[in-house]
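Everything below concerns the one structure shown next.
The values are calculated or read from the model by the stated rules, or taken from the named source; none is laboratory data. Just so it is clear, the model here is predicted, and its values are computed rather than measured. Neighbour counts run over all protein chains shown; Cβ positions are idealised from the backbone, glycine included. Just so you know, the surface numbers come from the protein's heavy atoms only, side chains and all, with ligands and any DNA or RNA stripped out. Shrake-Rupley method; radii C 1.70, N 1.55, O 1.52, S 1.80 Å.
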Amino acid sequence: MTNEIETIIHTQDLSLFYGDFQALHDISLPFAQRQVTALIGPSGCGKSSFLRSLNRMNDLTSGTRSEGAVIFEGTNILEKKIDVVSLRRRIGMVFQKPNPFPKSIYDNVAYGLVVNGIKNRSIVAARVEKSLKQAALWEEVKDRLHKPALGLSGGQQQRLCIARALAVEPEILLMDEPASALDPIATQKIEELILELKERYTIIIVTHNMQQAARVSNTTAFFYMGRLVEVGSTNALFTKPVKKETEDYITGRFG
Amino acid sequence: MTYREHTKGEMIPEGSSRGDRGAAPTDTLTGRGTALGEWVAESSLLIISLISIVVLGLILLFLLMEGLPTFSFVSVKAFILGHLWYPTDEPPDFGILALIMGSISVTLISSLIAVPSGVMTAIYLSEIAPPKMAEILKPAIELLASLPSVVIGFFGMVAVAPLMQRIFDIPTGLNLFTASIMLAFMSIPTICTISEDALRSVPVTYREASMALGATPFETISKVTVPAALSGITTAIILGMSRAIGETMVVLMVAGGAAIIPGSLFDPIRPMPASIASEMGEAPFRGDHYHALFATGITLFLFTILFNILAMSASRRFRLKG
């Protein structure tokens, strides 16, 4: 990572517990602004749990407890007094399986605006259009905005979910294996989209697919057994990994 | 499993018999015994389910046979729209409008109480209550469903009715209002448990998506979870109402029993089931009164069928359309 790039969010000795089980061990990791950071590692290594700590989605799972800090704009967002509602508006999330609401395409994208108190119809309509364009979905859906979102294909649904997340204009976009449920062509579209979006947004993406991490990310962090093993520029990590576990994983010896 | 089906399709072309292939001792895919066992299991299930359908059909036939003769001595219109129910007078009056209105009013008013409380309890249990709280509340509500209706009726008669009489200073506590409250007690568990199942079956991913967009828990419930569960909740409400309209013992004990069209909340009423239950024992066998009571039963049956059709169409209408 180069020094002139600003860090937008970072964790300090972040540990996460599900009941008695410790899922994350003292993870300190900075994330650069307007860059794509990929989190890779075998299943159960804690990368998704880590991602969900960044916008406090783990709060929704009962029995979770975290230690350490997640610093966003100089504030530890793990503190109790933090308003998670406005935090999540600024740190958006796209999930593994496309999960559009059983509403129309338009209402899906408008949802985040409506719950954030934007009622002016023309503003909402303009934002819906802008977000769908950003998510490269506008051309495909502009004539059927009021049709059910569940009638879209899986890849379109996932881009709709990205549009929905973009509509509230977050600063950071968390993506939890956004292409794992999609076919190769839809995956390629999502990856192209990520490369476009990083001009404006900080993107943190969890992925199982190492080629995907290599293609879309600037920085890659390798997680193993709830620990951060290695982090570095994607190029360096994939060509000259420092740690043995990293090398074993990226060469496909386990995982 | 997939492999098995695949090979089966490949190895046995359509029309050829399974037994031929079964000759090879190692080939377990085409065993005849399995096919016979399947056939026995399937047909016995079919027969058992047919028996219950046939019995239901016979009950319906009996109801029609005993009820339809009514219309030889009173016209359908006079029966349904007649205000006076004096089946033992000379000459008798067989008008059940007051009984119908009694049933409708008690069902509507009990729904006004039971629907909001049942649905809200379901929302609380599935969306808000901490798991420990839900663990205590849920069995308690299910227990309420298993209370015999005579117990609820008895409680209404000796405890609630005198209380009502004192609070509102009315001549009798056995009236439309008390009956509605007691019936509401009976339909709340139905409405609550079915609504809760509907809410719980809403995928967690919807809630997560909503929360991740900066929606509050309340916004998530009102804008995502409840709309997604609407078909189930509507079914729950209609089934709760059909439980109320068909309920006999409670209305027999606490509704007051006067066959008049209620003009106020505190008028006594005589819903259809109460009338049938209390008069059937005294009606001369195959007399006019006897037939009229069966015709009342047909009317009640039509009402519950209507509720069930509504429930079915509601669950289709509000099915997640995206």
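Test of understanding: given chain B, find the longest segment containing no GluC sites (Glu not before Pro) that are in a DSSP loop and have at most 12 other Cβ atoms within 10 Å.
Between exposed loop sites, the widest span is B:15-281.
Using the Cα gyration tensor of the stretch B:123-273, with a ≥ b ≥ c the square roots of its eigenvalues, what is the shape: rounded (a/c below 1.5), prolate (a/b larger than b/c) or oblate (neither)?
Numbers: a/c = 2.59, a/b = 2.41, b/c = 1.08.
Prolate.
Go ahead and estimate [θ] at 222 nm for the protein assembly as shown from helices alone: -39,500 (n - 2.57) per DSSP H run with n ≥ 4, summed, over the residue count, rounded to 500.
Numbers: 25 runs with 304 residues, N = 577.
Roughly -16500 deg cm²/dmol at 222 nm, from the helical runs in the protein assembly as shown.
Computing the accessible area with a 1.4 Å probe over protein heavy atoms, can you report the carbon and sulfur percentage for the stretch A:120-234?
51 percent
For A:Lys81, which aspartates and glutamates qualify as cross-link partners when the Cα separation must be under 18 Å and same-chain residues fewer than eight apart are set aside?
Straight-distance partners of A:Lys81: A:Asp59, A:Glu67, A:Glu73.
Loop-only trypsin sites (Lys or Arg not before Pro) in the stretch A:1-104, please: DSSP not H, G, I, E or B, and at most 14 other Cβ atoms within 10 Å.
Passing both the DSSP loop test and the Cβ count: A:Lys80, A:Lys81.
How big is the dipole moment of the stretch B:76-321 about its Cα centre under a simple scheme where the beta carbon of each Lys and Arg is +1, that of each Asp and Glu is -1, and everything else is neutral? Debye, nearest 20, please. Could the numbers behind the result be given before it?
Details: 14 positive and 16 negative charges, 181 e Å.
Roughly 860 debye for the stretch B:76-321.
Taking Cα atoms, how many degrees apart are the long axis of helix B:288-317 and the longest axis of chain B, rounded to 10 and kept between 0 and 90?
Approximately 50 degrees, to the nearest ten.
Among B:Thr107, B:Thr88, B:Thr34, which one shows the biggest mean-square fluctuation in a GNM of chain B, springs joining Cα atoms closer than 10 Å?
Taking springs between Cα atoms under 10 Å, the residue moving most is B:Thr34.
Could you tell me which residue out of B:Ile276, B:Pro217, B:Leu125 lies farthest along the dipole of the stretch B:76-321 toward its positive end? Charges go on the beta carbon: Lys and Arg +1, Asp and Glu -1, centred on the Cα centre.
Final value for the positive-end residue is B:Pro217.
Taking the alpha-carbon distance from A:Lys103 and a cut-off under 18 Å, which aspartates and glutamates remain once sequence neighbours fewer than 8 residues away in the same chain are dropped?
Correct list for A:Lys103: A:Glu129, A:Glu140, A:Asp143, B:Glu208, B:Glu219.
At most 11 other Cβ atoms within 10 Å and a DSSP loop assignment: could you name the chymotrypsin sites (Phe, Trp or Tyr not before Pro) in the stretch A:156-254 that fit?
A:Phe254
Can you pull the mean other chain C-beta count within 10 Å for peptide A:154-166?
Mean partner-chain Cβ count within 10 Å for A:154-166: 1.
Distance from the Cα centre of the stretch B:95-146 to that of the stretch A:177-255, in angstrom?
After rounding, the separation between the Cα centres reads 52 Å.
Mind giving me the nanometre distance, one decimal, between the label points for B:Trp39 and A:Ile5, set 7 Å out from Cα along Cα→Cβ?
7.1 nm
How much of the DSSP bridge set in the protein assembly as shown is antiparallel, in percent, rounded to the nearest 5?
60 percent
Have a look at the stretch A:47-64 and report residues whose accessible surface goes down by 40 Å² or more when the remaining protein chains are included, against the chain on its own, probe 1.4 Å, ligands and DNA/RNA excluded.
Those residues are A:Leu60.
To make sure I understand the rule: partners must be lysines, Cα under 21 Å from the Cα of A:Lys198, and not fewer than 8 residues away in the same chain. Which ones qualify?
List returned: A:Lys47, A:Lys130, A:Lys133, A:Lys189.
Loop-only trypsin sites (Lys or Arg not before Pro) in the stretch B:238-322, please: DSSP not H, G, I, E or B, and at most 16 other Cβ atoms within 10 Å.
Numbers: sites: B:Arg243, B:Arg286, B:Arg316, B:Arg317, B:Arg319, B:Lys321; in loops: B:Arg286, B:Arg319, B:Lys321.
Filter output for the stretch B:238-322: B:Arg286, B:Arg319, B:Lys321.
Mind checking which of A:Phe101, A:Phe21, A:Phe50 has the largest fluctuation in a GNM of chain A, springs on alpha carbons under 10 Å?
The residue that fluctuates most here is A:Phe21.
A:Ser28's amide H: which non-local residues (gap 5+, or another chain) put their own amide H closer than 5 Å, with H modeled 1.01 Å from N in plane and none for Pro or chain starts?
Distant-sequence amide H within range of A:Ser28: A:Asp13, A:Leu14.
Based on the Cβ-Cβ distance from B:Ser278 to B:Leu56, what FRET efficiency comes out when R0 is 30 Å, to the nearest 0.05? The partial results should precede the final answer.
On the way: r = 26 Å, r/R0 = 0.85.
My answer for the efficiency is 0.70.
Taking springs between alpha-carbon atoms closer than 10 angstrom, which of B:Val251, B:Val106, B:Val202 fluctuates most in the Gaussian network model of chain B?
In this elastic network of chain B, the residue with the biggest mean-square fluctuation among B:Val251, B:Val106, B:Val202 is B:Val202.
If you roll a 1.4 angstrom probe over the protein chains with everything in place, what fraction of the accessible area of chain B belongs to carbon and sulfur, to the nearest %?
That share works out to 70 percent.
Ranked from the most accessible area to the least, with a 1.4 Å probe and all protein chains present, what is the order of B:His289, B:His83?
B:His83, B:His289
Using only protein heavy atoms and a 1.4 angstrom probe, determine the accessible area buried between B and A, summed over both sides, in Å² to the nearest 100.
Approximately 1900 Å², summed over both chains.
Would you mind computing, in nm to one decimal, how far apart the modelled labels at B:Ile80 and A:Asn235 are, each placed 7 Å from Cα along Cα→Cβ?
8.4 nm
Counting only heavy atoms of protein chains, what accessible area per residue, in Å², does chain A have with a probe of 1.4 Å?
Details: 11370 Å² over 255 residues.
Spelled out: the 1.4 Å probe surface of chain A, per residue, equals 45 Å².
May I ask for the angle, rounded to the nearest 10°, between helix B:32-67 and the longest principal axis of chain B, with both axes built from Cα atoms and the value confined to 0 to 90°?
Between helix and principal axis, roughly 20 degrees.
To the nearest 10 degrees, how steep is helix B:2-11 against the longest Cα principal axis of chain B, on a 0 to 90 scale?
Tilt of helix B:2-11: around 60 degrees.
Working out 0.36 nm times the residue gap between A:Lys244 and A:Ala126, then minus their Cα-Cα distance, what length gain in nm do you get to one decimal?
So the extension gain works out to 37.4 nm.
What shape does chain B take by its C-alpha gyration tensor, where a ≥ b ≥ c are the square roots of the eigenvalues and a/c under 1.5 counts as rounded, a/b above b/c as prolate, and the rest as oblate?
In terms of gyration-tensor shape, oblate.
Among B:Phe303, B:Ser43, A:Ala136, which residue has its Cα positioned farthest towards the positive end of the charge dipole of the protein assembly as shown, with +1 placed on the Cβ of Lys and Arg, -1 on the Cβ of Asp and Glu, and the dipole taken about the Cα centre?
A:Ala136
I'd like the residues of the stretch A:99-146 whose 1.4 Å-probe accessible area shrinks by no less than 30 Å² going from the isolated chain to the full set of protein chains.
A:Asn99, A:Phe101, A:Pro102, A:Lys103, A:Tyr111, A:Val115
Which residues' amide hydrogens lie under 5 Å from the amide hydrogen of B:Gly95, considering only partners 5 or more residues apart or on another chain, with H built in the peptide plane?
For B:Gly95, the qualifying residues are B:Leu84, B:Trp85, B:Tyr86.
Give me a comma-separated list of calculated 3J(HN,Hα) values for the stretch B:77-94, in order, Karplus coefficients 6.51, -1.76, 1.60 applied at θ = phi - 60°, integers in Hz, x for any Gly or Pro.
For the stretch B:77-94, the Karplus-derived couplings read 5, 5, 5, 6, 9, x, 7, 9, 10, 10, x, 10, 6, 10, x, x, 10, 10 Hz, x marking Gly and Pro.
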